Amino acid sequence: MADHASAALTLDRVRLGAGGPLTRLRIADGRVTHVVTETETGGRAGEAHDGRVVDLDGRVLLPGLWDAHVHMAEWASARHRLDLAGTASARAVAELVRERGGAAPDGTVLFGYGFRDGLWPDAPHKRLLDAVLPGRPVALVSADLHAAWLNSACLALVGRGDHPTGLVRETECHEVLSALPEAPAAVVDGWIAEACEAAAARGVTGVIDFQFGDTVADWERRSAAGRPAVRVSAAIYPSRLDAAVERGLRTGDEVGAPGGLVRVGPLKLFTDGSLNTRTALCRDPYPGLEGTDGSHGIEETSPHELVRLMRRAAAHGIEPAVHAIGDHANTLALDAFEAVRCRGRIEHAQLLSPGDLPRFARLGVTAGVQPRHATDDRDVADRHWAGRTGRAFAYADLLAAGARLEFGSDAPVSALDPWLAIASAVGRTDDERPAWHPEQRLSVQDALVAAARGRRLIRVGDPADLVVVDVDPSGAGPDALRSMPVHATMTDGRWTHGPY
């Protein structure tokens, strides 16, 4: 796509926002410089102007969309892995491995992604994988990234040949996956560039990348090699916090190539695990686990340590982003924000106590939520959070309490496509079933705002991060939103998708 120039670009005959008026909008040096509606010009929206003019023929112009929670390398790699989504049992997964596992020589790792075992009638075990593919290491990652299922060959490869089941969760899962051989950085970077272009084709102009590792350094390397198709806010993990402080990095600082699109993101912290693995930290025990260790989930970071890390980060201009899924975990996260008195984010906020809803707005804490999780995990929630799902994925209640919502996908947990999140938030169902807790549905307009990181309107002076769609979202139902045709996408005044 062509770079922007100092000469103005005019977007003519475009509707300004969902249900908005015909407008002429001018852009220069990556920013919106004029916004003039047809009413203000006396209906002469098609007049010629200096610089290039693009006639958008009545299409709808929206603020650029963001995915506020991705794991970019995991998502880019998952696009090249064995897809396990929709498998209904451990044996069904083993059959897929049998069918696909012979496509590469023994000794190379077969990676798979996307299984959800929370409702399976049988349990993942290394013996099932050993029986179908004994000579090749197999590593299968769960859809929520909190569990991995390995065969004996793969366990031996990472020095855990004595593991009893081959199913590892939470910290052990991350350690095992980190020990596996990775594709060369150049290959992964190429996959990521392709994934960013695919995201731009769905209207994405920016992402917050929570990929585990030295994410800032990784994006500095990528931006030096070429300008990404989207803006990137690169997260910091606790193991890199001291180095970030020593470098003087602050959330929002530009890094990488000068004038590029990469900035320092938040500090990622964890309070608990996930729903599917029954490790989300909850006030009530999980059915069937009463009286056992971990019956309420797990505490990943103690409250004292959480406050200490948040306070250190905030003192150096780094905003925290705290993973919290269970209701008790969310209370602990909000308590930490109250103690530190800093702004930041809670990622997921899936199960909330009613008394915690107004605290998000009062403390200035953004709720980074993933609406596809509400529809993907409704059956798991009905089983493991029985009687509490009225306050699960409570987006309407959060909005009514004044909270700021920002949508993400948690890719590869769900696909990096903001229209899927918008459709799930509006419809609360992704299949033929009625809406799940319809009282928590959002309006199309509120969903669009959450998908655009709070941008409701396009104003003079805004960065020229824009998306042009062929269908007016204001009158679209969930199915039409899900398949929204994106005509063109612009980031920083440059076309990143479309015919221009």
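The values are calculated or read from the model by the stated rules, or taken from the named source; none is laboratory data. Since this is a predicted model, take the numbers as computed values, not measurements. Heads up: the accessible areas ignore ligands, DNA and RNA and are worked out on the full protein's heavy atoms, side chains in. Shrake-Rupley method; radii C 1.70, N 1.55, O 1.52, S 1.80 Å.
Seen from every direction in turn and averaged, the convex hull around the alpha carbons of segment 428-476 projects onto 4.7 nm².
Note on the chain: Cα convex hull, mean projected area over all directions, 23.7 nm². By accessible area, using a 1.4 Å probe on protein heavy atoms only, the chain has 51% of its surface on carbon and sulfur.
With angles folded into 0 to 90 degrees, how steeply does helix 90-100 sit against the dominant principal axis of the chain? Use alpha carbons for both and round to 10. Taking the Cα atoms of the chain, the angle to 90-100 is about 70 degrees. Is the shape of segment 344-392 rounded, prolate or oblate, going by the alpha carbon gyration tensor and its root eigenvalues a ≥ b ≥ c, with a/c under 1.5 for rounded and a/b larger than b/c for prolate? Judged from the Cα gyration tensor, segment 344-392 comes out oblate (a/c at least 1.5, b/c at or above a/b).
Across all C-alpha atoms in segment 210-290, the radius of gyration and Dmax reach 17.2, 55 Å. For segment 61-146, the fraction of C-alpha pairs farther apart than 17 angstrom is 51 percent. Remark on residue 453: its backbone amide H falls under 5 Å from those of 66, 407, a criterion applied only to residues 5 or more positions apart or on other chains, H modelled at 1.01 Å from N. Entry comment: accessible area of the chain is 38 Å² per residue, from protein heavy atoms only and a probe of 1.4 Å. Annotation: amide H-H contacts under 5 Å for residue 53 (H modelled 1.01 Å from N, sequence separation of 5 or more, or interchain): 10. From helices alone, the chain scores -8500 deg cm²/dmol at 222 nm; the rule is -39500 (n - 2.57) for each run of n ≥ 4 DSSP H residues, then divide by the residue total. Size descriptors for segment 312-416: radius of gyration and Dmax over Cα atoms are 13.6, 43 Å.
The equivalent ellipsoid that matches the C-alpha gyration tensor of segment 455-500 spans semi-axes of 22, 15, 7 angstrom, in descending order.
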